[in-house]
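Read the structure below first, then the notes.
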Amino acid sequence: MTIVDLPVTAPVTGGPSLPQERRLVTPIPGPESRRRMERKAQAVAAGVGTTIPVFTVAAGGGVLVDVDGNSLIDLGSGIAVTGVGNSAPRVVDAVVAQVAQFTHTCFTIAPYDSYVDVAEALNRLTPGDHAKRSALFNSGAEAVENAVKIARHYTGKQAVVAFDHAYHGRTNLTMGLTAKNQPYKNGFGPFAPEIYRAPLSYPLRDGGLSGAEAAARAILQIEKQIGAANLAAIIIEPIQGEGGFIVPADGFLPALAEWAAANGVVFIADEVQTGFARTGTMFASEQFGIVPDLIVTAKGIAGGLPLSAVTGRAEIMDAPQVGGLGGTYGGNPLACVAALATIETYEAENLAERAGEIGAILFEKLEMLRDADPRVAEVRGRGAMVAIELVDPATGDPDAALANKVAAAAHAAGVILLTCGTYGNVIRFLPPLSIPDHLLIEGLDVVAEAVAQA
Ligand code: PLZ
């Protein structure tokens, strides 16, 4: 049965001109969102969950407006996607113009300029001044899969190393690369062969190993258990996202990259979550002084339209045979013009710098919280990608129940807040870079109150 009567009480036009305020006119979720959640349960597979059960009608700047007319502060950006904000003006204009011109040809059938423009922009923006090539895909997981395909083809080797706490996606190959069983892998095996896991640098939980020591530990394990002669690639998130916003100790990433270069192993940086101004530079790799052979991007690349990419050394990217890379929708024209408008926005509005300012506010507020409350074990991150890890202060054990309570209280108060971490005890902050200071501060005050009350 179709439900035809679904009244909407909120504006239908989004973007930065929406009132930048937290405004609650009903409990969260409100009655209209509740009705729609019931409808969802009857129509959508149960495995597709929701973090906050409010149905969106508009979003922009730093707010999301729901179907009941509530305006919520967005501290999640749809998981680091809307860096430029929802319905950013340049993106809207570019997509509207393109949709009226042509919507699809399949780039591998009949090409168009915007795909090549995006490839040139990625080749220019990613770290390193070597010759580069790019290929475009739809999702982060699909781009990760292609990076592995390309590295295997180029090296003629098969094994791939991923790290503890890694997240690389939900497709079969990327589930294998992802570390955490629940909810990502449980019951979905068998997984692809020739994937190996190495230990990470996790300063809060590895007994204070230096970056060099943690890298030596990982490299020893790789050499003993796999052997460089069999290893095509190592793939790593410069700062782990879903795994808990884990910032490796200084020197860890450069030591791994140096070892890979010396041993004919392709070093792949998965910057799907860290990429595009999020961490205060265009890419997080820059902050750790590494130049990856291949870099995988998605999320923040196109202002919310589905697009992903692999960019890297020309000789590696050009290794696969003609026709070996592709897909029906990869580099769709709407997504490509959105990416060009998004990249223009990051550059014109100095959003990498803005991420640094957001980070300064996040660190100031969250360090006050940490100093006042021993359950906050650590504040960590870079730029506008910051998290707190919550523990039982007596034992240091992860406290996922506390993280869930804080997130639930924030949601009830009209703040979209995400958790993460292998142990589920990390609260992460990923505001759109278009959020005004007053909303960010108000959102952080709500979170601080939620921690105090929990
Ligand atoms: N690599 C580093 O963060 C996606 C996943 C949310 P897709 N992270 C959010 C969820 O519950 O599915 C991600 C990532 C890193 C790869 C991916 C995968 O990107 O666009 O979701 O496929």
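The values are calculated or read from the model by the stated rules, or taken from the named source; none is laboratory data. None of the values given here were measured: they were computed from a predicted structure. Note: ideal-geometry Cβ built from the backbone for every residue, glycine included; neighbour counts use all protein chains shown.
Laid out as a table, the results:
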quantity	calculated
Residue within region 340-355 that is outside any helix (DSSP H, G or I) and small (Gly, Ala, Ser) present	no
Check on Met368, assigned by TED's automatic domain parsing to the domain that holds Gly251, away from the ligand (no atom under 16 Å from the Cβ) and modelled with pLDDT of 95 or more	no
Residue check for Leu305: touching a residue at least 40 places away in the same chain (Cβ under 8 Å) and part of a helix (DSSP H, G or I)	no
Segments classed as strands (runs of 3 or more DSSP E), wholly inside region 180-283, with at least 3 members that are within 16 Å of the ligand (Cβ to nearest atom)	231-236, 266-270
Complete set of residues in region 102-146 that are among the aromatic types (Phe, Trp, Tyr) and within 16 Å of the ligand (Cβ to nearest atom)	Phe137
Any hit, region 306-324, residues being closer than 16 Å to Thr82 by Cβ, within 16 Å of the ligand (Cβ to nearest atom) and surrounded by fewer than 24 Cβ atoms within 10 Å (Cβ to Cβ)	yes
Qualifying residue in region 294-305 (condition: of a type outside the set (Lys, Arg), crowded, with 24+ Cβ neighbours inside 10 Å and away from the ligand (no atom under 16 Å from the Cβ))	no
Residue satisfying all of: in region 302-334; among the hydrophobic types (A, V, I, L, M, F, W, C) and farther than 30 Å from Ala387 by Cα; farthest from the chain's Cα centre (by Cα) among these	Val322
Region 45-66: number of residues that are crowded, with 23+ Cβ neighbours inside 10 Å, free of Cβ contacts under 8 Å to residues at least 60 places away in the same chain and not acidic (Asp, Glu)	3
Unmet criterion (only one of (1) out of contact with any strand residue (DSSP E or B) (no Cβ under 9 Å at 6 or more places or on another chain); (2) not in a loop (DSSP other than H, G, I, E, B)) for Glu442	(1)
Filter result for the condition that a residue is surrounded by fewer than 21 Cβ atoms within 10 Å (Cβ to Cβ), hydrophobic (A, V, I, L, M, F, W, C) and within 26 Å of Tyr167 (Cβ to Cβ), over Ala448, Ala372, Ala413, Ala400	Ala400
Condition met for Leu173 (within 11 Å of the ligand (Cβ to nearest atom) and of a type outside the set (Asp, Glu))	no
